[in-house]
Every structure is written in C-alpha cells, then in structure tokens.
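> Encoded as structure tokens, here's the structure I'll be asking about.
The values are calculated or read from the model by the stated rules, or taken from the named source; none is laboratory data. Just so you know, these numbers come straight off a predicted model, no measurement behind them. Glycine gets a Cβ as well: all are built from the backbone with ideal geometry, and neighbour counts include every protein chain shown. Calculation scope for accessible area: heavy atoms of the full protein, side chains included, ligands and nucleic acids excluded. Shrake-Rupley method; radii C 1.70, N 1.55, O 1.52, S 1.80 Å.
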Amino acid sequence: AGKTLAQVGAEYLGRSGISIRDPGELLSRAQSTSDFPYLLANVANKALALGFENEPASHRAWVRQVDVQDFKTQSRVQRSEAPGLLEITEGNEFTHGNFGERRETYSIATFGRIFQVTRQALVNDDLGAFTDLPRSFGAAAARLEADRVYAILTANAAMADTVALFHSTP
C-alpha cells in the first residue's frame, strides 16, 4: 500500500515488540533465516498475482484456462455441436442425428527471468521501486500469455484434422 519493503518489515517487527530503526539491520534480519521470511514471500506472491490480474488481457474472454499437472503432451477432446433440428410434419417420424468429436494436443513450457538486487539498493529504495518488481513480473507473465495465445491464433496452423483453423472450405 505504497510502503517500501523496509517499512513493511519495520511495521511487522514493531507488532512483535521489536524496534529497529536502521534499514540495514532490518534487511539483514529479513535475508537471514529470520523474523519474517513468510511475510516477504507472501508480499511478493500477492504483488505478483496482482500484477498478473491487473494487466489487460482480452484473450481471457474467449479461452478456457485449465490446470496441467506436468509437462507431458496434453489432450483435450471436444464434442461437435448438436446436429441441426429438422421440421417434423404431421404423420412423419423423428430422424437420428449424429455427434462428432475431435482432439487437440498441446504441452506447457516454463518461462522466467531472475534479477539481482543488492542490499544497498534495498536500503536506498526510498521510492519503493523494488517492492514493485513482483507486480511488474506478474504483468509481464500476463503479457506473455496473451502474446502466446494470439500467436497461435494468427499462425492459422492446421488443427488435428490437418485443416487450418481459418479456411474457406465448407
């Protein structure tokens, strides 16, 4: 909420009855097996999620997100639409219609970057720039997701039936 990492840490320790005024000592405690490793991880995770969720992503309106447990090739099966309905005139019977199905496959990949922040940079961070880094990475992840989705769409690749996604044949 507009606070630097040092301010968040000082507030947390203050609630535990520990008063630290020196940002260097505070950060040393945070980087050790320390007083608040879970707090720092929680703050970073929340900021990462917030950055991801707040990034505009028009593709989310027309794609479905699924959980994937591993990196093996995944399959998704889809049933066709219901067959068109036919008028049944007086004295005639209903006729059978058919459904079809298709399967598409995909796999997931890992993307990431690391960055290094020195202790001195954290101590001198009076603008909260480094506490904003996880949110920036969350936004970058959302942009990558959108880029990958739209790249698949615009590639007009052949589907499992060997026909391009967009084609002119009936």
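> Only one residue in Ala49, Ala44, Ala146 is assigned to a helix (DSSP H, G or I) and in contact with a His (Cβ under 7 Å, 6 or more places away or on another chain), so which one is that?
Result: Ala146 is the single residue among Ala49, Ala44, Ala146 that is assigned to a helix (DSSP H, G or I) and in contact with a His (Cβ under 7 Å, 6 or more places away or on another chain).
> Of everything in the stretch 130-170 that's among the β-branched types (Val, Ile, Thr) and in contact (Cβ under 8 Å) with a residue 40 or more places away in the chain, which residue is surrounded by the most Cβ atoms within 10 Å (Cβ to Cβ)?
Taking the candidates together, the pick is Thr131.
> Name, by its number, the condition in (1) of a type outside the set (A, V, I, L, M, F, W, C); (2) modelled with pLDDT of 90 or more; (3) not in a strand (DSSP E or B) that does not hold for Ser75.
Going through (1) of a type outside the set (A, V, I, L, M, F, W, C); (2) modelled with pLDDT of 90 or more; (3) not in a strand (DSSP E or B) one by one, Ser75 breaks only (3).
> Going through the stretch 47-73 one residue at a time, which ones are open to solvent by 90 Å² or more (accessible area, probe 1.4 Å) and of a type in the set (S, T, N, Q)?
Asn54, Gln65, Gln69, Thr73
> Given the criterion part of a loop (DSSP other than H, G, I, E, B) and over 22 Å from the mean Cα position of the chain (by Cα), identify the matching residue among Phe111, Phe99, Phe115.
It is Phe99.
Let's see how each residue does on (1) under 22 Å from Val66 (Cβ atoms); (2) of a type in the set (A, V, I, L, M):
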residue	(1), (2)
Pro83	no, no
Glu90	no, no
Glu93	no, no
Asn98	no, no
Phe111	yes, no
Val123	no, yes
Ala139	no, yes
Ala151	yes, yes
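> Which residue pairs have Cβ atoms closer than 9 Å, lie 6 or more positions apart in sequence or on different chains, and pair a first residue in the stretch 95-112 that is under 20 Å from Val149 (Cβ atoms) with a second residue that is exposed (fewer than 10 other Cβ atoms within 10 Å of the Cβ) and acidic (Asp, Glu)?
From the stretch 95-112, the pairs are Arg102/Asp161; Ile108/Asp70.
> Follow-up question, since we're still on this one. Of all residues in the stretch 74-127, how many are more than 30 Å from Asp161 (Cβ to Cβ) and surrounded by 10 or more Cβ atoms within 10 Å (Cβ to Cβ)?
Looking only at that region, the number is 10.
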